[in-house]
Structures are given as C-alpha cells and as structure tokens.
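Reviewing the structure listed below.
Bear in mind these aren't lab numbers, they're just calculated from the coordinates by the rules spelled out. Everything numeric in this text was worked out from a predicted model, so none of it was measured. Glycine gets a Cβ as well: all are built from the backbone with ideal geometry, and neighbour counts include every protein chain shown.
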Ligand SMILES: Cc1cc2nc3c(=O)[nH]c(=O)nc-3n(C[C@H](O)[C@H](O)[C@H](O)COP(=O)(O)O)c2cc1C
C-alpha cells in the first residue's frame with residue numbers, strides 16, 4: 001500500500017551537499033517534491049547527484065515547480081524536467097487505486113484488497129486503497145459551483161480530502177461495488193457523481209487512465225453485470241479506458257456471488273476469482289501499454305516545451 005512518504009530521495013541527494021533543503025520550504029512544495037522523487041524512484045534520484053543540479057539550481061527548480069504546477073499537475077512537470085530516466089521508470093511501475101463502494105468491510109472490501117494484493121505481488125504495482133466504510137460521502141447537489149468556478153467541489157468531505165488525490169495519483173482504478181437493487185451501491189454512485197467537479201476543473205484529469213469493475217451480489221444472478229456496466233460507462237464518459245477480462249470466463253469484469261456471506265462467501269467463488277484475476281491481468285497489460293505510449297509522446301513534446309531558462 002502507498003504510505004505517506006518516509007524516504008525523501010531528494011533529501012538524500014542534497015544532504016550530501018550539507019544542505020537542509022526542507023528549512024524555509026513551503027510545505028506544499030515540499031510535498032510535491034517528495035512525491036515527485038518517490039515517483040522517479042530511489043535509484044534514478046541518486047543519479048541526479050552526479051548531475052549539474054546544485055543548491056541554487058534546486059531553488060530555482062522549486063520556484064518554477066511552484067509556479068507551473070498545482071498539486072494535481074506535478075507529474076507532467078517532472079516528466080518535462082527529467083525526461084528519459086523518469087519515463088523509463090514510469091513505464092515499468094504502475095499505480096493502481098482500489099475503491100470499495102460498500103459501507104462495510106466485508107465482501108467488496110475483501111475483493112478489492114485481494115486484487116491490489118495480486119497487483120503488488122504478481123505485477124509489482126504500487127497500490128492505494130479507499131474504502132467507503134465510515135466515510136463522509138456527500139451527494140452531488142448539482143449546485144454547479146464546480147462548473148462556475150473551476151475550483152473543484154463545494155463539498156468538503158472525505159472525497160475531497162482524500163479520494164480525489166488518490167484518483168489523480170493512480171494510472172489505473174479498480175472500482176468494486178456490492179449489488180444493490182440490481183445495480184451499484186449508492187456509495188459507489190456518489191463517488192462517481194462527485195468526479196464531475198474535478199473534471200470540470202480539468203477536463204483531461206482522468207484521460208487514458210485505465211479502469212476495471214468488480215461487483216458482488218447476494219444472489220448468483222442479482223445484477224452484477226448491470227453494476228459493472230455502469231462502472232465501465234463511467235470510465236468511458238470520463239475519457240478513461242475500460243477493460244474487461246475477455247470471453248470464456250471473465251467478460252465484463254470481476255463478477256461474484258457472495259451468498260450474503262461477506263468475504264467468506266466471495267472467497268469460495270472460484271469462478272468469480274478467475275474472472276477477477278483475468279480482468280486484473282488485462283488492466284495491468286493495458287496500463288503498461290498506455291504508459292509506454294504516453295511516455296513516447298512526452299518525450300517528443302519535451303524538446304518543444306521545456307523553456308531554456310528552466311533548471312540548468
Ligand atoms: C440495500 C441492499 C440491496 C441489495 N440488493 C441486492 C440485489 O439486488 N441483488 C443481489 O444479488 N444482492 C443484493 N444485495 C446483497 C449484497 O449485494 C451482497 O450481500 C453483497 O455481497 C454485500 O457486499 P459487502 O459485504 O461488501 O457489503 C443487497 C443488499 C443490500 C443491503
């Protein structure tokens with residue numbers, strides 16, 4: 001799971017020069033840098049110590065980063081700054097966010113966590129998780145604050161405090177929902193509706209992120225497919241790339257019969273587990289393809305867009 005960063009690689013670089021670069025730094029900028037260098041990875045970050053970035057260089061870099069970057073856009077900026085090294089690392093590691101739309105930590109929570117565990121252990125993915133259990137999830141009230149101001153959502157709840165950032169961080173999402181009344185849960189739908197606000201702020205915020213769905217119902221055929229279909233439609237509407245698991249077993253996504261027995265019920269559903277593993281494999285393959293393709297595009301744009309007076 002993604003932890004709050006405990007290993008600021010950029011501090012390693014600059015502490016070797018005897019500078020405490022945290023002092024006097026705006027906390028916001030500190031955070032951007034921390035995440036950015038974590039994104040590059042320790043090995044590549046260390047390489048920078050041999051390059052021409054000195055202390056005045058990093059100060060200039062920070063100033064530019066702060067001007068050109070808001071917290072949601074920092075990755076693009078760092079791509080432009082560090083080019084090849086970072087692209088190479090990014091193509092190898094992918095970031096997956098799991099979301100459980102159940103108000104309990106039972107069947108859906110188990111399934112989404114299980115998918116993330118496989119993603120980490122089998123595919124080397126970095127993961128993060130958001131459970132709806134106990135969270136403040138306010139309905140969209142169609143006030144159009146987000147459309148008028150382009151400043152995000154008027155609500156200040158756990159979606160705005162926690163989930164938006166995770167969504168933007170991830171390259172791929174796994175949305176899991178219990179089946180309620182033949183479709184997805186109200187919690188899952190609320191999360192989707194609230195995405196309107198950050199898309200209003202930046203219409204391309206989710207562009208080319210990859211997504212899959214998981215649904216578990218108490219009945220064998222209780223509405224799992226309509227629930228997953230709604231999740232896939234959400235991805236399409238938000239310019240993401242939806243994936244299923246392929247024919248002969250997985251089809252639209254991870255599909256489970258919980259028999260209303262929570263984690264125990266779904267873990268006994270071997271066909272469901274097969275559909276989950278197959279869909280997850282497609283998610284990982286597609287995400288790697290997309291990342292590889294987009295790093296090529298970044299590489300082309302880098303030479304055109306990086307201003308000459310940026311960090312030397
Ligand atoms: C309000 C409500 C509506 C439900 N409607 C359905 C349904 O239409 N079809 C179905 O198969 N199961 C239905 N269920 C059962 C849940 O989908 C099932 O127990 C699920 O595995 C619960 O997931 P959880 O353990 O993650 O909360 C419903 C449960 C609730 C609370």
Distance (nanometres) between label positions extended 7 Å along Cα→Cβ at residue 274 and residue 169:
3.5 nm
At 0.36 nm per residue, and after removing the present C-alpha to C-alpha distance, how many nm does the segment from residue 202 to residue 293 gain when stretched out fully?
30.6 nm
Residue-span extension gain [residue 156 to residue 122] - 0.36 nm each, minus C-alpha spacing
8.6 nm
Antiparallel as a % of all DSSP beta bridges within the range 148-295, to the nearest 5?
15 percent
Paramagnetic label zone (point 7 Å from Cα along Cα-to-C-beta, residue 133; backbone N under 14 Å) in the range 235-264
262-264
Assuming 0.692 mPa s and 37 °C, estimate D for the range 178-230 with Stokes-Einstein, Rh taken as the Kirkwood radius over Cα pairs, in µm²/s.
268 µm²/s
At what distance in nm do the modelled label points of residue 105 and residue 285 sit from each other, each positioned 7 Å from its Cα along Cα→Cβ?
3.4 nm
Would you mind ranking 168, 147, 174 so that the residue whose beta carbon has the fewest other beta carbons within 10 Å leads the list?
147, 168, 174
Mean shadow area of the range 93-292 over all directions, Cα convex hull, nm²:
10.2 nm²
